[in-house]
Every structure is written in C-alpha cells, then in structure tokens.
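The structure appears below as structure tokens.
Every number here is computed from the coordinates shown, using simple stated rules; none is lab data. Only a predicted model underlies this, so the values are computations on that prediction, with no experimental measurement involved. FYI the Cβ positions are ideal-geometry reconstructions off the backbone, even for glycines, and counts take in every protein chain you see.
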Amino acid sequence: MKIGIDASRNRSGGAIAHIVGLIEAISAIDKFDVQEIHLWAHCKLLDKIPDKPWLIKHNHYYLEKNIFLQAFWQRFILKKELKINQCSVVFNSSASSICNFQPSVTLSQDMLPFEPGEMQRYKYGLGRLRLSILKIVYINALKSASAVIFLTNYAASMIQKVTGPIKNYKVIPHGVNDSFRNVSEHEMLKNDSSEIECIYVSGIAPYKHQWHVVRAVKLLRDEGINVSLSLIGGGTGESLNRLNQEIQLSDPENIFVKKYPFIPINEIPKLLSKSDIFIFASSCENMPITLIEGMASGVPIACSDRGPMPEVLQDGGTFFDPESPESIKQAIYKIIEDPILRKSTVDRSLNLSLEYQWSKCADDTISFLVETCIKELKQTH
C-alpha cells in the first residue's frame, strides 16, 4: 500500500507543526504493510520535513502561487498525481481540501467557524467573509471524506452539531515536542520581593483575549503583587490595536508588560523555563498545542475554561473566564498564594502531558489510514 498526504494547505504554525511532528515520529512503515508515503506540500514546508527512505516529497509550481491556483491544483491535478504514484488512500491534513480522490481521511484542525459566537467577534468584511466561505468548504470536506480525524472529543462533538453525524471518525490528539518537557528551572516565589513572571504564548486574535490578561495583571499589581507579563506572538489589525490600547492604559510607562511579536519556536522552551506562571486565555481551540507545551514544561498554569481546555488540562491548573479580567486575576492569585495547589497542579499537568506523544499520534494516524482504506476496498468489491 502507498499513502498520499496532501499538506498543501498547511500554512499556519500549528498546521506546519502537526505535519512535521507526524513525519518525524514515523520510525518505520513496513509494520503497517505500507511501502511508500507521498507528500505534497509547498517548498517552505518540504524544507522542514526530514528525509526518510520511504518518503517521496512532491511540489507543484501552483503551490507557490496564489490561493486560486492552489485550489485549482488541489481540485484538478492532485487526483491525477495520486493515481500516477499508485496511492491507495489520501490523508488531507486540512479540512479545506477540495480534492475528490477516494478513499480519503480528512483532519479537522480549525475550530473557529464551528464554535458558537466566535465568528461574530470579527466585523463584517474580508475576514468574516473568509471564515464564512471556509465553513462551507470544511463542512463539505468533512461530509465527503471516507473518514475524519478530530484532535479532541470536544471538537468532534461541536463540529458534528453542524455537519451532522460522521460515521467513521477517530480522535487522535497532537504530540508535543520533547524540547518542552519539564524545562522549568526554578521554584516560584523564593522571597516576597521577587517578581512573578507570567507568560502567554499565542498569536494576537479576537478570541485570544490578550487585553483582558493585561488588565488582570494590572489588577494584581494594584493590590501590591509584583507581577510581570510577557506576551509572545504577533498580530495585526483591530486585535493588535486593542491590545496596544490596553497596554497604554494599564502600563503607560512599559514597566510590567513586554510584547514580543515573533520568537522562534526553538527558543520558547527557554522562555518557559524562566517563567513562573503560564497563562492561556483563548476561547476557541480545536487542539491547544500551546497549552500542552505549557503542561509539559512544568510551569503552573492558569487557563481559559472554554472549548477543549478543560478536557485537555483537567485538574492540572486553575481555570478562568477569558473575557473577565477579574476571573483571570483570581486564577493567577490562587497559584501565587497556594504552594500546595501549585505543586499538585504542576505534577498533574506533567503527567497529563505524557499522553501527548508524537510517536503515538503517528502510529494511530497511519493505522487509521490503512484501516479506512481496507474498509473502503471491501465495501466497493
């Protein structure tokens, strides 16, 4: 059997991390009775993928061009290339796929069009129109696939409320890079005068609520608690403006808020190692990979209570309403004031993070692709 992977639409950080982590973790394919894996992607992604003896990388001129030519390639050319290379099944690593090759397994990674109320955070315009179009494309791709992979049980439940029941699906979560595991170097709050360093790693977007986190830290400082905040992640447009306005209001002299538009992913573990509290304030996620990296790092976590976050973090942190600065403040305060809670939640989150292994993700994904292909062949003969 030969497997095809369409990663042509893996353009964002999370989507790239998934396909790179997946391919890196596949040690051998003969145990699945698979001879070759053919991967189609743009050059920037292919350069990040390690060479493997069984992996054949493909690129097409159109994949380096605009979205319309990419879509044309996916709809009219990819199917031919899959057949030429004798692929038995295709893994669409994005639910925006419009390829009509069957059998197919489609990965659902984007939650934004399906989470009630989240699209409404975007004003009417190109951004809102794009999300509306993507929602239609996603629904069609998920309903037409032979099988679907969801990243969390929460995502599987919420998305099927929109698509209707999907008969053949499996929940296969991301892994986490080992460079994040247990990197915390110090015990928080060695003395009353030491600064408590909070970190929030995420791109700036309407559903990430960085401005509420800034306000929460300001509230803590108003109560005499020496807290600082590092925001890691870039952004543009109205969300960036809103964050800048809140920083100007809460920290006009740039004393306790530091903003870093871009930090290479290989430098994030070092930043986490020097942090006292990891904050995650998103209200919309499919699989919060940043949260899992925080869990693996051994840093105490204050986390949003929305979406799949309670499913992933469980009792490994304190929770808050991401749209309430007061709630965020209280969750951070609990971590600061209760050393027993701090230790117990860190121990728990470290143990929970061990469930997220790229090797398991890779094995489960390849097994499900093979299983789906065999099932489809039996049904057609």
(request) For Ile84 and Lys170, calculate 0.36 nm times their separation in residues minus their Cα-Cα distance, and state this gained length in nm to one decimal. (result) 28.1 nm
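Is the shape of the stretch 178-353 rounded, prolate or oblate, going by the alpha carbon gyration tensor and its root eigenvalues a ≥ b ≥ c, with a/c under 1.5 for rounded and a/b larger than b/c for prolate? Walk me through the numbers on the way to the answer.
Values: a/c = 1.39, a/b = 1.16, b/c = 1.19.
Here the stretch 178-353 falls in the rounded category.
Of all trypsin sites (Lys or Arg not before Pro) in the stretch 50-119, which ones are in loop regions per DSSP and have a Cβ with at most 13 other Cβ atoms within 10 Å? Spell out each step's value before the answer.
Working: sites: Lys57, Lys65, Arg75, Lys79, Lys80, Lys83; in loops: Lys65.
Answer by residue number: Lys65.
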(request) Over 31 Å between C-alpha atoms is what I'm after, so list which of Lys80/Lys208; Lys65/Lys143; Lys170/Lys274 land there. (result) Lys80/Lys208; Lys170/Lys274
(message) With angles folded into 0 to 90 degrees, how steeply does helix 358-380 sit against the dominant principal axis of the chain? Use alpha carbons for both and round to 10.
(response) 30
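According to the square roots a ≥ b ≥ c of the eigenvalues of the Cα gyration tensor, what is the shape class of the stretch 308-381, taking rounded for a/c under 1.5, prolate for a/b larger than b/c otherwise, and oblate for the remainder? Display every interim value, and only then the final one.
On the way: a/c = 6.15, a/b = 2.64, b/c = 2.33.
Prolate, since a/c reaches 1.5 and a/b exceeds b/c.
Let me know the Kirkwood hydrodynamic radius for the chain, please, with Cα pairs as the basis and the value in Å to one decimal. Walk me through the numbers before you get to the answer.
Details: mean 1/r = 0.0456 Å⁻¹.
That comes to 21.9 Å for the chain.
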(request) Hand me the chymotrypsin sites (Phe, Trp or Tyr not before Pro) from the stretch 104-164 located in a DSSP loop with no more than 13 other Cβ atoms within 10 Å, in residue order please. (result) Tyr124
(request) Treating the angle as unsigned and between 0 and 90°, give the value, to the nearest 10°, between the Cα long axis of helix 13-25 and the longest Cα principal axis of the chain. (result) 60
(request) For the stretch 201-274, state which chymotrypsin sites (Phe, Trp or Tyr not before Pro) are in a DSSP loop and have at most 14 other beta carbons lying within 10 Å of their beta carbon. (result) Phe262
(message) If I take R0 = 35 Å and measure r between the Cβ atoms of Ala25 and Asn153 in this structure, what FRET efficiency does the formula 1/(1 + (r/R0)^6) give, to the nearest 0.05?
(response) 0.95
(message) Can you sort Thr290, Thr236, Thr380, Thr106 from fewest to most other Cβ atoms within 10 Å of each residue's own Cβ?
(response) Thr380, Thr236, Thr290, Thr106
(request) Please check the chain for the longest run free of GluC sites (Glu not before Pro) that are loop-located per DSSP (anything but H, G, I, E, B) and have at most 16 other Cβ atoms within 10 Å. (result) 1-184
(message) Can you give me the angle between helix 237-250 and the longest principal axis of the chain, using Cα atoms only, in degrees from 0 to 90, rounded to the nearest 10?
(response) 10
(message) So if I take the centroid of the Cα atoms in the stretch 50-106 and the same for the stretch 240-257, what is the distance between those two points in Å?
(response) 44
(message) Run the Debye formula on the Cα coordinates of the stretch 51-184, all scatterers equal and no solvent, and tell me log10 I(q)/I(0) at q = 0.17, 0.22 1/Å.
(response) -1.06, -1.33
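Which order do Arg121, Arg342 fall in if you start with the one that has the fewest other Cβ atoms within 10 Å?
Working: Arg121 18, Arg342 21.
By the 10 Å Cβ count, ascending, the order reads Arg121, Arg342.
Once you order the gyration tensor axes a ≥ b ≥ c over the Cα atoms, which shape class does the stretch 218-275 get: rounded for a/c under 1.5, otherwise prolate or oblate by comparing a/b with b/c?
The shape class here is oblate.
Grab the DSSP H runs of the chain that are 4 residues or longer, score each as -39,500 (n - 2.57), total them, divide by all residues and round the 222 nm result to the nearest 500 deg cm²/dmol.
Working: 14 runs with 158 residues, N = 381.
For the chain, the value works out to -12500 deg cm²/dmol.
How long is the gain from Arg128 to Glu267 if the chain were fully straight, where each residue apart is worth 0.36 nm and the alpha carbon distance is subtracted? Walk me through the intermediate numbers first.
Values: separation 139, 0.36 × 139 = 50.04 nm, distance 3.32 nm.
Length difference between fully extended and current span is 46.7 nm.
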(request) For Lys83, list the aspartates and glutamates whose Cα falls under 17 Å from its own Cα; do not include residues on the same chain fewer than 8 positions away. (result) Asp6, Glu36, Glu376
